[in-house]
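What follows is a set of notes on a single structure, which appears directly below.
The values are calculated or read from the model by the stated rules, or taken from the named source; none is laboratory data. For clarity, every value in this text was computed on a predicted model and none was experimentally measured. No Cβ is skipped: glycine too gets one built from the backbone with ideal geometry, and neighbour counts run over all protein chains shown.
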Amino acid sequence: MRELILLYVITRYPVSPIDKQSPPQRLAALDSPAFARGIKKLSSSLVRTIIPIAVFAVALASAQADTLTVVYTDAFSNTASLTLTGTSSGGVFHVTGVTGTFNGAAVVGLVPGFGGSDNFYTDPSVLPAGTVDTGFEFETASGAAIVNLYAYNYGGPGYATNVTIGGSTVSGAVFISSITSPPVTPAPTTSILALAGLVFIVGWRKFVVGRRLVA
């Protein structure tokens, strides 16, 4: 992306012929009506270039979501490796999507119509003492396994699960082995806006270089 934008800048705003003139010729050219019209045209072109780049950068940053990887084993020797997507705040991750595996089977997503909080607590101790959160519920293909994973702070913080397989539901403890946040690729807002600034600098150079050299 950076290379494409830079190539665009270089090809659209090449060095002005004024830069190659002698100081007297350059001063005369800078004072000419033709140069003034060129600066006005350049300013409009810069605005048309910079604004779309800035809008694209902000939109891309807004589209990014948090992710969390949770690996656990439950009291019934079921194993799961889940990648959660959603938003995180204060030790609470609000789950909007889930992929991964449960006992080796692919997790296809959240269970539609689940009436719980859809929260995953990275730190169950932030729950008020004596409370249980309803958590979130996911399933494997065709609903072969439906799993509710939730946190509690009842007699101490921890995690538990309800697992339904073949119409039979069991409930028990969950032992989480890892909770990790994959490295987040920074939104390119800063770098793209910096390149937008470069567009302005390269174009504006047509004006200031002559003034500086004849001063």
Check: Going through region 73-84 one residue at a time, which ones are more than 12 Å from Ser181 (Cβ to Cβ) and surrounded by fewer than 19 Cβ atoms within 10 Å (Cβ to Cβ)?
Finding: Thr73, Ala75, Phe76, Ser77, Asn78, Thr79, Ser81
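Just the residues that are more than 15 Å from Phe93 (Cα to Cα) and under 26 Å from the mean Cα position of the chain (by Cα), please, taken from region 103-134.
Ala106, Val107, Val108, Gly109, Val111, Pro112
Residues checked against (1) of a type in the set (Ser, Thr, Tyr); (2) at pLDDT below 95; (3) surrounded by fewer than 12 Cβ atoms within 10 Å (Cβ to Cβ):
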site	(1), (2), (3)
Thr164	yes, no, no
Ser168	yes, no, yes
Ser171	yes, no, no
Val174	no, no, no
Ser177	yes, no, yes
Pro186	no, yes, yes
Ala196	no, yes, no
Val199	no, yes, no
Arg211	no, yes, yes
Item checked: region 85-107, subset assigned to a strand (DSSP E or B) and modelled with pLDDT under 95, residue surrounded by the most Cβ atoms within 10 Å (Cβ to Cβ) -> Ser88
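Would you mention how many residues in region 110-128 are outside any helix (DSSP H, G or I) and in contact with a Phe, Trp or Tyr (Cβ under 8 Å, 6 or more places away or on another chain)? Break it down into steps so the answer makes sense when it comes.
Just the residues of region 110-128 that are outside any helix (DSSP H, G or I), to begin with: 110-123, 127-128.
Keeping just the survivors that are in contact with a Phe, Trp or Tyr (Cβ under 8 Å, 6 or more places away or on another chain) gives 110-111, 114, 116-122, 127.
So the answer is 11.
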Next item on the list: Name the single residue, out of those in region 157-172 being in a strand (DSSP E or B) and not hydroxyl-bearing (Ser, Thr, Tyr), that is farthest from Leu110 (Cα to Cα).
Entry: Pro157
Next item on the list: Report yes if some residue within region 144-155 is modelled with pLDDT of 95 or more and farther than 30 Å from Gly90 by Cβ; otherwise report no.
Entry: yes
